[in-house]
Structure formats: C-alpha cells, structure tokens
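Engineer: One structure coming up, written as structure tokens, with questions to follow.
The values are calculated or read from the model by the stated rules, or taken from the named source; none is laboratory data. Just so it is clear, the structure is predicted and the values come from calculations on it, not from any experiment. Counting neighbours? That spans all protein chains shown, and the Cβs are built from the backbone with ideal geometry, glycine included.
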C-alpha cells in the first residue's frame, strides 16, 4: 500500500526526519489559508497523487503571492495529471500540498528498500538528486552508494559514514546527515515500510538536510499492526476493479488484450497469460481465483473479466489439487446463470476429478462453453475464439 | 533416493489442531508421511488425529524425535513458530502460512540460519518426495516416482509441470515449492546441488517468475556447478511493470526482475528455457533422450 507525500511527511515529522513546513488543501481558498499560516513570500503547491514524475507533468509549481497560491491550487485540483508513472489515462488530482519554499543549495537522493538477495534493508544515496534513480542506476551505477543494514544491530555510525563520505559531504555536514539517515531507518523498520524514497533530499543554505519529497510504500502483510497507516489509505488512488477483486479474495490485474483469463494460483495465472501471447493472442487480465476456488469466486471472476469491454473470449484454466474440478465445473454452470456470459468460454480442467468435470460440462451442453484437453489446446482455442475464428 | 525428506522422515505440525492444520495433516498421513505429533500451545496432553499434541516444539522433539516441522500457524505468529522450531533443534521447517510480514520473516530466517535450521517457504505448497513423504498442501497423486527433481516458486504451476512430466512417462524424485515471497528459505541455489548429488535425479526442472534475482543467481551457479540437464520456465513474460502479480514478490521493479532477463541468463548458462508452459514435459523428455 502506498500513501501520499503529505502523509509520508507527517510520519517523518513524528520520527524527527526534517521536512519543510506545509499543509494539505482540498480547495483554492484552503490552499491560500495554509500558505498564509506558513508565512513567508515563497510557496510550493504540489499535486497529491500516488505517482512520481509530477514536476515534469505540471504537478509542482512555485507561487510568490497568496493570490498565486490560490490560483495554482484551483487549477491543479480536478486536473488529470499524466506522468510516466500514471499510464496514459493519468490520475485526477483531489488535493494539493502547500509547502514553504526552501533554499536549495544541493540536491541528493536517499532511499530505502529491502535487498532480496541480502535479505536485509539497504539504504541508497546518490549525489544525482532530482533525477530518476532508475536512470542513474543504469547510466552511472558508481554514483549510487548502498549500505545494507543488518536489523539485528540496527543503524550504526559506520553505515552513516559510508554514505556521507560517499556523497562527498564536508566535515560539518556529516553529523546532521547521519542523524537524518538514522531517523529514516527507524521510520522504515517501525512502520514495516516496503520502500521509502526521498528525491530530492536537499541541503539548505544554512546547512540543514530536508526531505523535499517523500514517497512511502508499506508491506500489505504487516498493515494489521499499523491501524494509523491503514487509515491513510486513499481508495481513489487504487484501481476499482482490483479493489473489488480483493474483497472476494481474488487477485486481478487489468491488461490491454482481449482474451480474459481465470486461473487458480498466481504462477499458473501468469503462465496462462504467457501462453496466450505465445499462441498469438493478447491476455486481457491476470486473475488468480486462489487455491480455494469455489462456485462463488468463479462467478465473481466472470463478472470482473466481463467488466472489460475488450474481452472477446475467456480461458478458464484450473489445475485442481485440493480443489476438485467437478466443483469448479458446477461453479462455472452456476456462474453462467448468475452472470450473463456472452463470449466463448474455453474451459480446461485438469487434476482432481477432471473426468467427472468434463462429463458435467458435456451434459449441460451450453453453447458458449468449449472444453479443452490441455493447456496448449485451451490457449489456442481461446486465441482463435477471440479472433472470431472458432 | 531423494532430497531432504523421505519415508523415514519424522514430522511434527505446528498449528496442528487448527482447521487448515488438521485437514492437511490428515492428507499427509494418508499419503504415508510420518506425522508423529503436533504442537498447539495450551492443548498439550491431548490427542489429535491419533497423534500426541504438545505445548512446545521442544517437548514434541524430545518425545518423538521429529526433525521436520510443518508450520500452519496464522501469519502474525509465523515468525515466532519458526524461531521456536529453530531453538528446539528442528532441522527443516516447512512454512505453509501465507501473509506473514516481510520484516518478521527477515528476523525468523536469520535466527533459523544461526541455529542451522533450513526453511522452505513461507507461502508455499511445501515439499514432496514422490510416493514416500508429503509435507505440504499439494495433491499427492500428481507426483509419481521418477527421475526429475522440481523446484518452483508457484503452487499450481508445480502441479502442472509434474503432470506434464508424468504424462511423458517420467516422474518426480522430490518437488520443492519454495514460494514467491520477498524473503524465502531454501532457493534454487541451495536446492540445485542437492539434486545434482542425488543419484536418482537425472534432470531438474526449475520454475521461476518475475521479481527479484534468485533465478539469475541460479543461472550463474548452474554454469559452474550443475552437470545434469536443467529445464526452466519463467512465468510473467507478459506481466506489466510495477504491478504485483498475486505473489508478494512477483513484481518488476523499474526494469529489473523481468522474465526476459532471467530467461536470457538461464539460456546463457546452458539451461533449456521453454517459452510456453505447455512445453515443460516434452522438453524434459527430450533432454533425457526419451
């Protein structure tokens, strides 16, 4: 789960990670009010959406008067922001964050993530602040300094020094930087973060380090012990169909193709997408109905797939283990009564009680249901059906 | 022969008396696994599925001589259960539970390693030595005995692969579902040399997916250390970037962890990489000259 910049900064403040002063606003006048309270004569108005690349897309603007703050906020709220991370459909801006202008002397990058090979968190720093870290990693890997932090010893001075010297910081800068990094480590561990990114981290004219931007993502499995984070969830930032799927214990991801897929198990679900492509088609979705697939989840699965108007055929690919295929077959029949399925459904059921399942489907003799003998046969038929060639 | 577990392996179950624990323990017993008891704190002294229940893993190990634990406790208590097993002298913990926090598993795995305990999972189907010992939730009947070792991040795709191998008239020595979480126990790199050393295993199937670098590390290892044919399929060739595909670890971050880079690395290491998941069985048969 991801949160907004303003929410991440609230958490940062709580942990003593320095951030500029600021406040969130939902309307132009509210933005003006926030700016007036902050005082000064320079503000930054930032669109709050869960995607990077806001600056280039016009989602971060400087204002030099309260009138300007209000005008910019009014323009920003309600606009659809398209960045390289939002996809072409973009994201609607519902709120802005108004922050005091900062005296930027130098920009850095600082981030934390789990290193899956080392099996411990790593902190990454770079002098190339403001740039996409992916690009830096690809073009100048030597400009990224990484330290792995063994959680059993926690953040130590030497971790901080390695980063600070790597960034070429001066003697006076090292102490405040290490303090900053140590507080950030504590946020990451305490909150079960999956990722923290500060891009840019800035050094001000007075030698202070400030998180000018803040991005945080959390381990979904750990949210149960962080009710405060759970409250920060912004459902308008999430795909409504994916959310609906989750409610029923299904895992769904929308794709661009026209062959719908319903599969049990995440690996087999990805493999099913792959074989559709391999056979010359394009998958319309990833859908894992889970190990415990039953008639209700199957019915819900059809409903989700058919919300996508591009879908021209559906490939049901179930390998029954503990789940019996005859139950799935009955589920499919029941589902076709609950949901109007008006595209060909290619059904491949293998594993436990596959023969009984085939018999059930054959007896029911429903026009749109086409049996398949194995994975390859099913994929071929589903692709042909989507092209209207079956 | 086989790897890690066989008909003589003594297994206890943590979370023995719960719904999942009960159902799957029963299935394992029917398969022939020597489930010698279980642990449910507060239920020590009772009998469940005709086996003794203990309050602690230590008591269970002392009384039964078990060396393996199958873990079904809920996600919030999984790390605790793993660490208790490690401290009690269990040699291998098979963690079936799905949804354990990553941070918990990070600590649990470090503690297990410190005590010399191997782990499989979490969020995995478990391990099965065909026709001898099943420790997990996979349907046993799919795994017929034969010369192929199987390592997989995915559950149902493991069943699919085994089914294809069996349809070619071959079969499985041991199949290990390693799980698709960001932090997992035994992985390709630790399991490959076990299969290499197992005289009954003639070929190894590895099934990977997008996310992380385990398959790339495996490729480097195979190049130097594995002489038996390896057949690989990587799921998620058509997965979009930045989207989590069911498994917590199955995500392409930025441009790393793609199926393509994994397939290329494996191919360069001399692995038979199949593009279509329907070709796994056939390719194994060809590699074995059958």
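Engineer: Which residues, counting only those in the stretch B:2-12, are part of a strand (DSSP E or B) and under 16 Å from the mean Cα position of the chain (by Cα)? So that I can check it myself, show each step before the final result.
Structural biologist: Step one: list which residues in the stretch B:2-12 are part of a strand (DSSP E or B), which gives B:10-12.
B:11 - this is the single residue of the stretch B:2-12 that is part of a strand (DSSP E or B) and under 16 Å from the mean Cα position of the chain (by Cα).
Engineer: Out of all the residues in the stretch A:227-236, which are assigned to a helix (DSSP H, G or I) and either within 14 Å of chain B (Cβ to nearest Cβ) or at pLDDT 95 or above (or both)? Spell out how you get there, then give the answer.
Structural biologist: Residues of the stretch A:227-236 that are assigned to a helix (DSSP H, G or I), as a first pass: A:227-230, A:235-236.
A:227, A:228, A:229, A:230 - these are the residues of the stretch A:227-236 that are assigned to a helix (DSSP H, G or I) and either within 14 Å of chain B (Cβ to nearest Cβ) or at pLDDT 95 or above (or both).
Engineer: With respect to residue A:305, is the statement that it is away from every other protein chain (no Cβ under 14 Å), under 27 Å from residue B:180 (Cβ atoms), in contact with a strand residue (DSSP E or B) (Cβ under 7 Å, 6 or more places away or on another chain) and not in a loop (DSSP other than H, G, I, E, B) true?
Structural biologist: Considered against the rule, which asks whether it is away from every other protein chain (no Cβ under 14 Å), under 27 Å from residue B:180 (Cβ atoms), in contact with a strand residue (DSSP E or B) (Cβ under 7 Å, 6 or more places away or on another chain) and not in a loop (DSSP other than H, G, I, E, B), residue A:305 comes out as yes.
Engineer: Does residue B:253 qualify as being surrounded by fewer than 24 Cβ atoms within 10 Å (Cβ to Cβ) and closer than 22 Å to residue A:278 by Cα?
Structural biologist: no
Engineer: Taking the stretch A:1-47 as the region of interest, how many residues are under 20 Å from the mean Cα position of the chain (by Cα) and part of a loop (DSSP other than H, G, I, E, B)?
Structural biologist: The total comes to 3.
Engineer: Take the residues of the stretch A:275-292 that are buried (at least 24 other Cβ atoms within 10 Å of the Cβ) and more than 22 Å from the chain's Cα centre (by Cα): which is nearest to residue A:310 (Cα to Cα)?
Structural biologist: A:281
Engineer: Kindly evaluate residue A:113 against the criterion of being within 14 Å of chain B (Cβ to nearest Cβ), farther than 20 Å from residue A:20 by Cβ, crowded, with 17+ Cβ neighbours inside 10 Å and in contact with a strand residue (DSSP E or B) (Cβ under 7 Å, 6 or more places away or on another chain).
Structural biologist: yes
Engineer: Follow-up. Does residue B:155 qualify as being more than 13 Å from every other protein chain (Cβ to nearest Cβ) and crowded, with 24+ Cβ neighbours inside 10 Å?
Structural biologist: When the stated conditions are applied, residue B:155 does not pass them.
Engineer: Answer yes if at least one residue in the stretch A:211-219 is out of contact with any helix residue (DSSP H, G or I) (no Cβ under 8 Å at 6 or more places or on another chain), under 15 Å from residue A:17 (Cβ atoms) and modelled with pLDDT of 95 or more, and no otherwise.
Structural biologist: Yes, because at least one residue in the stretch A:211-219 is out of contact with any helix residue (DSSP H, G or I) (no Cβ under 8 Å at 6 or more places or on another chain), under 15 Å from residue A:17 (Cβ atoms) and modelled with pLDDT of 95 or more.
Engineer: Might you let me know whether the stretch B:188-208 holds any residue that is at pLDDT 95 or above, within 13 Å of another protein chain (Cβ to nearest Cβ) and assigned to a loop (DSSP other than H, G, I, E, B)?
Structural biologist: No, there is no match, as no residue in the stretch B:188-208 is at pLDDT 95 or above, within 13 Å of another protein chain (Cβ to nearest Cβ) and assigned to a loop (DSSP other than H, G, I, E, B).
Engineer: Hey, can you tell me all the residues within the stretch A:103-117 that are within 26 Å of residue A:237 (Cβ to Cβ) and touching a residue at least 24 places away in the same chain (Cβ under 8 Å)?
Structural biologist: A:109, A:110, A:111, A:112, A:113, A:114 - these are the residues of the stretch A:103-117 that are within 26 Å of residue A:237 (Cβ to Cβ) and touching a residue at least 24 places away in the same chain (Cβ under 8 Å).
Engineer: Same structure, new question: Sort out for me the strands (runs of 3 or more DSSP E) sitting completely within the stretch A:48-122 that have 3 or more residues that are modelled with pLDDT under 95 and in contact with a helix residue (DSSP H, G or I) (Cβ under 7 Å, 6 or more places away or on another chain). Show your work before the answer.
Structural biologist: Values: elements: A:60-63, A:96-100, A:104-115.
No strands (runs of 3 or more DSSP E) qualify here.
Engineer: With respect to residue B:174, determine if the residue is within 14 Å of chain A (Cβ to nearest Cβ), touching a strand residue (DSSP E or B) at 6+ places or on another chain (Cβ under 9 Å), in contact (Cβ under 8 Å) with a residue 24 or more places away in the chain and not in a loop (DSSP other than H, G, I, E, B).
Structural biologist: No: the conditions fail for residue B:174.
Engineer: Hey, does the stretch A:189-201 have a residue that's without any contact (Cβ under 8 Å) to a residue 60 or more places away in the chain, under 18 Å from residue B:110 (Cβ atoms) and within 24 Å of the chain's Cα centre (by Cα)?
Structural biologist: yes
Engineer: Tell me, please, whether a residue that is crowded, with 20+ Cβ neighbours inside 10 Å, free of Cβ contacts under 8 Å to residues at least 60 places away in the same chain and under 30 Å from residue A:192 (Cβ atoms) can be found in the stretch A:17-26.
Structural biologist: The answer is no, given that none of the residues of the stretch A:17-26 is crowded, with 20+ Cβ neighbours inside 10 Å, free of Cβ contacts under 8 Å to residues at least 60 places away in the same chain and under 30 Å from residue A:192 (Cβ atoms).
Engineer: Additional query: Taking the stated definitions as given, is residue A:331 part of a loop (DSSP other than H, G, I, E, B) and either crowded, with 24+ Cβ neighbours inside 10 Å or in contact with a helix residue (DSSP H, G or I) (Cβ under 7 Å, 6 or more places away or on another chain) (or both)?
Structural biologist: No, not satisfied.
Engineer: From the residues in the stretch A:123-146 that are assigned to a strand (DSSP E or B) and surrounded by fewer than 20 Cβ atoms within 10 Å (Cβ to Cβ), which one is farthest from the other protein chains (Cβ to nearest Cβ)?
Structural biologist: Across the stretch A:123-146, the extreme among qualifying residues is A:145.
Engineer: For the stretch B:269-278, check the following and say yes or no: at least one residue is assigned to a helix (DSSP H, G or I) and more than 10 Å from chain A (Cβ to nearest Cβ).
Structural biologist: no
Engineer: Hey, another quick one. Looking at this structure, is residue A:318 under 31 Å from the mean Cα position of the chain (by Cα), outside any loop (DSSP other than H, G, I, E, B) and more than 14 Å from every other protein chain (Cβ to nearest Cβ)?
Structural biologist: It is false that residue A:318 is under 31 Å from the mean Cα position of the chain (by Cα), outside any loop (DSSP other than H, G, I, E, B) and more than 14 Å from every other protein chain (Cβ to nearest Cβ).
Engineer: Report, by residue number, each residue of the stretch B:26-45 that is more than 13 Å from residue B:133 (Cβ to Cβ) and either touching a residue at least 12 places away in the same chain (Cβ under 8 Å) or in a strand (DSSP E or B) (or both). Let's see the steps before the verdict.
Structural biologist: First, pick out the residues of the stretch B:26-45 that are more than 13 Å from residue B:133 (Cβ to Cβ): B:26, B:37-45.
Hits for the stretch B:26-45 are B:26, B:37, B:38, B:39, B:40, B:41, B:42, B:43, B:44.
Engineer: Does the stretch B:240-258 contain at least one residue that is more than 20 Å from the chain's Cα centre (by Cα), over 14 Å from residue A:268 (Cα atoms), more than 8 Å from chain A (Cβ to nearest Cβ) and assigned to a helix (DSSP H, G or I)?
Structural biologist: Scanning the stretch B:240-258 turns up no residue that is more than 20 Å from the chain's Cα centre (by Cα), over 14 Å from residue A:268 (Cα atoms), more than 8 Å from chain A (Cβ to nearest Cβ) and assigned to a helix (DSSP H, G or I).
Engineer: Next question. Would a scan of the stretch B:90-103 turn up a residue that is more than 30 Å from residue A:225 (Cα to Cα) and free of Cβ contacts under 8 Å to residues at least 60 places away in the same chain? Can you show your working first?
Structural biologist: First, the residues of the stretch B:90-103 that are more than 30 Å from residue A:225 (Cα to Cα): B:91.
Filter once more, keeping what is free of Cβ contacts under 8 Å to residues at least 60 places away in the same chain: B:91.
Within the stretch B:90-103, one or more residues are more than 30 Å from residue A:225 (Cα to Cα) and free of Cβ contacts under 8 Å to residues at least 60 places away in the same chain.
Engineer: When residues of the stretch A:246-277 are filtered for being more than 11 Å from chain B (Cβ to nearest Cβ) and part of a helix (DSSP H, G or I), how many remain?
Structural biologist: Count: 2.
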